[in-house]
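Presented below is the structure to which this report refers.
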Amino acid sequence: MEILYDYAWLIPVLPLFGAMLVGIGLLSFNDATNKLRQVNAIVILTLMGAAATLSFALLWSQTQGHETYLRTFEWAAAGDFHLYMGYTVDHLTTLMLAVVTSVALLVMIYTDGYMSHDKGYVRFYAYLSLFSASMLGLVLSPNLVQVYVFWELVGMCSYLLIGFWYDRKGAADACQKAFVTNRVGDFGLLLGMLGLYWATGTFEFDLMGERLESLISSGALSAGLATIFAILVFMGPMAKSAQFPLHVWLPDAMEGPTPISALIHAATMVAAGVFLVARMFPVFEQLPQVMNFIAWVGAITAFLGATIALTQNDIKKGLAYSTMSQLGYMVLAMGVGAYTAGLFHLMTHAYFKAMLFLGSGSVIHGMEEVVGHDAVLAQDMRLMGNLRKYMPATSLTFLVGTLAISGIPPFAGFWSKDEILGATFQANPVLWLIGYATAGMTAFYMFRMYFMTFEGDFRGTDTAIKGQLKAEAAGIFAFGPGAMQKQELVATADDGHDEHGDHHHASEPHESPITMTLPLMLLAIPAALIGLIGTPFANKFEAFIFPPNEVIEAAHEVDLMEFLINGGSSVGIGLIGITLASLMYRTKKIDPAAIAKRFEPLYWLSRNKWYLDDINNLLFVQGSRRLARQVLEVDSKVVDGVVNLTGFVTLVTGEGLKYFENGRAQFYALIVFGAVLGLVVVFGVT
């Protein structure tokens, strides 16, 4: 068994080797490598499969009681400073390894069908493998410095993948937005980790927490300064896990191909932020103000994401705001001290959200046959409907994911979300109320998405709708949930991109190939059942994952009445949301446009994403441009003026002095005589 731990370092190295192998092939033998599409895919899949096998073997070993394994070596030293690198294998590590490798492997299988006609097929596989290796390296890291190294690699890979179609303006803008936003959070993380090292003298997570507690209790370090350091560290997860106000990059990340959307939103980049909060828990739990700050940021993010998702018409952007909301739940759980509940929701969400995103990709794949090569129209739910008839496997798995995220038992999302709400109610009823309202909105917008996509009549060939879109393109805008905004229409006209390179048109959509539907069906199993390992009656997940430096207590008897009240209330609000969605978008007994008209300011607040992008554009984009123009004025008129004046004076004086430099000794002697005579006269007069 020990040999598994000796070779655990292979888990990130195997996909890294695959990315390197394919990358060298693309750089050195581009044409030949691109022709061997399937061979490259098989190499990447085989290496990821080996990493997944080793990850699940380690998970099984940890469940059997194997102690935490740590292997490090000295990487750098200077005087008393020693920095160690290596890897650690504990309960949290093995859980994350299993989640990341399983989701990544299924996404890679799905990619073969989704990107089959794309010219960048091989390059995409290389990026996927590098992205997975970066996340796996982050998970295995034993200290904060090594986490930061892989943290930045994850950010770099997200930049490459979001901007994969770099010739598309929307994708180029989105990857830059993600990069800049994450730099803000990462700068805070860097300052915070350096501050904590200055205070504690270590980058080790547990040791950092122990020393911080000792320093604060002895008065050697003020709690206020420690709080500032901890909040700066939390800025990193705020950006990576798309927490308010650094969430703005996440919806735009939908410009990348759908497989990477699934990987980013399920098991890699956004999960990295929650994972770091879990790793830093020994530090954060010492500081009540930091925990309170984390909880409120999570609650605001959950509520904000849900309210925006209510009016989204792009199926991928709806899921993106859903991810933002669910990440808010996880951060909320961490903030109220529900460490286990937050990680439980991280695991369940990874599986059902990966399935939902891959399901949306399957829908887009089928719709492109009907609407042509315009990817924006293929993602618009207003042109879908009745896809259950044409895509039964996709619709069934999408329904499973919708039930799971809506918190309907016995699906996975119910158990993890209910545990978060129960812990939040005990900590702060106001935060619970925000989470409770968010749960109702989640059920509403997810079933709105399901009904608009898979129920009703198919609208993809409806000439009346297309005529309306043409009228809107000409400037005649309708109002309400069916209306298309001007910027959407511009995107439709300018940013259309054929994801699959297929320009054939069909009158009906079709089911996706087996390489795309098989991962959906496999993901449906954990989406439906994995929550059962964390039921309050026999919470095996809590017995396995518990806060660091704490001993898990013996399982106590569940208060059935308390469980029924808490669980029943969360199911009840979910059923209310489902019922409203059904009345509006399935049976059509309630007109959504009339409600939007009745609450017009709230409708546009949601539709325009709380105007946060506009505010950011005004304050930071336009503001930085104004500042740059002012700096340019100072540079051109003051700095350049001084430099130009210096040059002018030098030129004039040089021109004048050249007449005195004629090379005649007699002339030089005359100048010296004149100077001496002048000095004599001056000093003689005085």
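The values are calculated or read from the model by the stated rules, or taken from the named source; none is laboratory data. From a predicted model like this one, the values you see are computed outputs, not experimental measurements. Reconstructed Cβ throughout: ideal geometry from the backbone, glycine too, with neighbour counts over all protein chains shown. Please note that ligands, DNA and RNA were not included when accessible areas were found on the heavy atoms of the full protein model with its side chains. Shrake-Rupley method; radii C 1.70, N 1.55, O 1.52, S 1.80 Å.
For residue 607, only one of the following conditions fails: (1) open to solvent by less than 90 Å² (accessible area, probe 1.4 Å); (2) on the phi > 0 side of the Ramachandran plot; (3) basic (Lys, Arg). What is its number?
(2)
Output the residues belonging to the stretch 248-280 that are open to solvent by 10 Å² or more (accessible area, probe 1.4 Å) and either of a type in the set (Phe, Trp, Tyr) or not in a helix (DSSP H, G or I) (or both).
248
So which residues in the stretch 76-105 are open to solvent by 10 Å² or more (accessible area, probe 1.4 Å), outside any helix (DSSP H, G or I) and under 21 Å from residue 343 (Cα atoms)?
Matches in the stretch 76-105: 87, 88, 90.
Is it true that some residue in the stretch 125-136 is touching a Leu at 6+ places or on another chain (Cβ under 6 Å), farther than 17 Å from residue 49 by Cβ and buried (at least 24 other Cβ atoms within 10 Å of the Cβ)?
Checked the stretch 125-136: at least one residue is touching a Leu at 6+ places or on another chain (Cβ under 6 Å), farther than 17 Å from residue 49 by Cβ and buried (at least 24 other Cβ atoms within 10 Å of the Cβ).
Test of understanding: among 300, 364, 294, which residue is of a type in the set (Val, Ile, Thr), in a helix (DSSP H, G or I) and open to solvent by 10 Å² or more (accessible area, probe 1.4 Å)? Quick ask: steps written out before the conclusion?
Numbers: 364 fails: open to solvent by 10 Å² or more (accessible area, probe 1.4 Å); 294 fails: open to solvent by 10 Å² or more (accessible area, probe 1.4 Å).
The conditions single out 300.
Looking at 56, 73, which is the one that is open to solvent by 50 Å² or more (accessible area, probe 1.4 Å), part of a helix (DSSP H, G or I) and under 25 Å from residue 280 (Cα atoms)? Don't jump to the end; show me each part of the working.
Values: 73 fails: part of a helix (DSSP H, G or I).
Just one listed residue meets the conditions, 56.
Spot the failing condition for residue 39; the list is (1) open to solvent by less than 40 Å² (accessible area, probe 1.4 Å); (2) part of a helix (DSSP H, G or I); (3) among the aliphatic types (A, V, I, L, M), and only one is missed.
The single condition residue 39 does not satisfy is (1).
Restricting attention to the stretch 311-331, report how many residues are more than 17 Å from the chain's Cα centre (by Cα) and open to solvent by less than 10 Å² (accessible area, probe 1.4 Å).
If we filter the stretch 311-331 for residues that are more than 17 Å from the chain's Cα centre (by Cα), which is where we start, we get 311-315.
From what is left, the residues that are open to solvent by less than 10 Å² (accessible area, probe 1.4 Å) are 313, 315.
Residues in the stretch 311-331 being more than 17 Å from the chain's Cα centre (by Cα) and open to solvent by less than 10 Å² (accessible area, probe 1.4 Å): 2 in total.
Answer with yes or no whether residue 241 is under 23 Å from residue 613 (Cα atoms) and either touching a strand residue (DSSP E or B) at 6+ places or on another chain (Cβ under 7 Å) or hydroxyl-bearing (Ser, Thr, Tyr) (or both). Break it down into steps so the answer makes sense when it comes.
Details: under 23 Å from residue 613 (Cα atoms): yes; either touching a strand residue (DSSP E or B) at 6+ places or on another chain (Cβ under 7 Å) or hydroxyl-bearing (Ser, Thr, Tyr) (or both): yes.
Yes, satisfied.
Tell me, please, whether a residue that is of a type in the set (Val, Ile, Thr) and either surrounded by fewer than 24 Cβ atoms within 10 Å (Cβ to Cβ) or in contact with a Cys (Cβ under 7 Å, 6 or more places away or on another chain) (or both) can be found in the stretch 385-396. Working first, answer last.
Filtering the stretch 385-396 down to residues of a type in the set (Val, Ile, Thr) leaves 394.
Within this subset, residues satisfying the condition of being either surrounded by fewer than 24 Cβ atoms within 10 Å (Cβ to Cβ) or in contact with a Cys (Cβ under 7 Å, 6 or more places away or on another chain) (or both) are none.
No, that holds for no residue.
Select from the stretch 106-124 the residues that are within 16 Å of residue 268 (Cα to Cα) and either surrounded by fewer than 20 Cβ atoms within 10 Å (Cβ to Cβ) or modelled with pLDDT under 90 (or both) and list them in ascending order.
Passing the criteria: none in range.
Taking helices (runs of 4 or more DSSP H) that fall entirely within the stretch 599-686, which contain at least 3 residues that are under 60 Å from the mean Cα position of the chain (by Cα) and of a type in the set (Val, Ile, Thr)?
Working: elements: 600-607, 612-616, 623-634, 640-657, 665-685.
In the stretch 599-686, the matching helices (runs of 4 or more DSSP H) lie at 640-657.
Among the numbered criteria (1) surrounded by fewer than 17 Cβ atoms within 10 Å (Cβ to Cβ); (2) more than 23 Å from residue 616 (Cα to Cα); (3) of a type in the set (Asp, Glu), which single criterion is violated by residue 173?
(2)
Evaluate the following for residue 557: is it open to solvent by 70 Å² or more (accessible area, probe 1.4 Å), at pLDDT below 80 and at negative phi?
For residue 557, the condition - open to solvent by 70 Å² or more (accessible area, probe 1.4 Å), at pLDDT below 80 and at negative phi - is met.
Give me the pairs: first residue in the stretch 578-597 and without any contact (Cβ under 8 Å) to a residue 40 or more places away in the chain, second residue hydrophobic (A, V, I, L, M, F, W, C) and part of a helix (DSSP H, G or I), beta-carbon distance under 8 Å, and six or more apart or on different chains, which are they?
Qualifying pairs under 8 Å: 589/583; 590/580; 590/583; 590/584; 591/584; 595/584.
Please identify the pairs in which a residue from the stretch 268-295 that is over 30 Å from residue 101 (Cβ atoms) has its Cβ atom under 6 Å from the Cβ atom of a residue that is among the charged types (D, E, K, R), counting only partners at least 6 apart or on another chain.
286/213
Has the stretch 181-191 got any residue that is part of a helix (DSSP H, G or I), within 24 Å of residue 242 (Cα to Cα), open to solvent by 20 Å² or more (accessible area, probe 1.4 Å) and of a type in the set (D, E, K, R)?
First, pick out the residues of the stretch 181-191 that are part of a helix (DSSP H, G or I): 181-191.
Narrowing further to those that are within 24 Å of residue 242 (Cα to Cα): 181-191.
Filter again for open to solvent by 20 Å² or more (accessible area, probe 1.4 Å), leaving 183-184, 187, 190-191.
If we keep only those that are of a type in the set (D, E, K, R) as well, we get 183.
Looking through the stretch 181-191, at least one residue is part of a helix (DSSP H, G or I), within 24 Å of residue 242 (Cα to Cα), open to solvent by 20 Å² or more (accessible area, probe 1.4 Å) and of a type in the set (D, E, K, R).
If I filter the stretch 635-648 for residues that are surrounded by 10 or more Cβ atoms within 10 Å (Cβ to Cβ), among the charged types (D, E, K, R) and under 30 Å from residue 181 (Cα atoms), do I get at least one hit?
If we filter the stretch 635-648 for residues that are surrounded by 10 or more Cβ atoms within 10 Å (Cβ to Cβ), which is where we start, we get 635-648.
Pick out the ones that are also among the charged types (D, E, K, R) and you get 635, 637, 640.
Still in the running and under 30 Å from residue 181 (Cα atoms): 635.
Yes.
Test residue 178 against the stated conditions and say whether it is assigned to a helix (DSSP H, G or I) and touching a residue at least 24 places away in the same chain (Cβ under 8 Å). So that I can check it myself, show each step before the final result.
Details: assigned to a helix (DSSP H, G or I): yes; touching a residue at least 24 places away in the same chain (Cβ under 8 Å): yes.
Spelling it out, residue 178 is indeed assigned to a helix (DSSP H, G or I) and touching a residue at least 24 places away in the same chain (Cβ under 8 Å).
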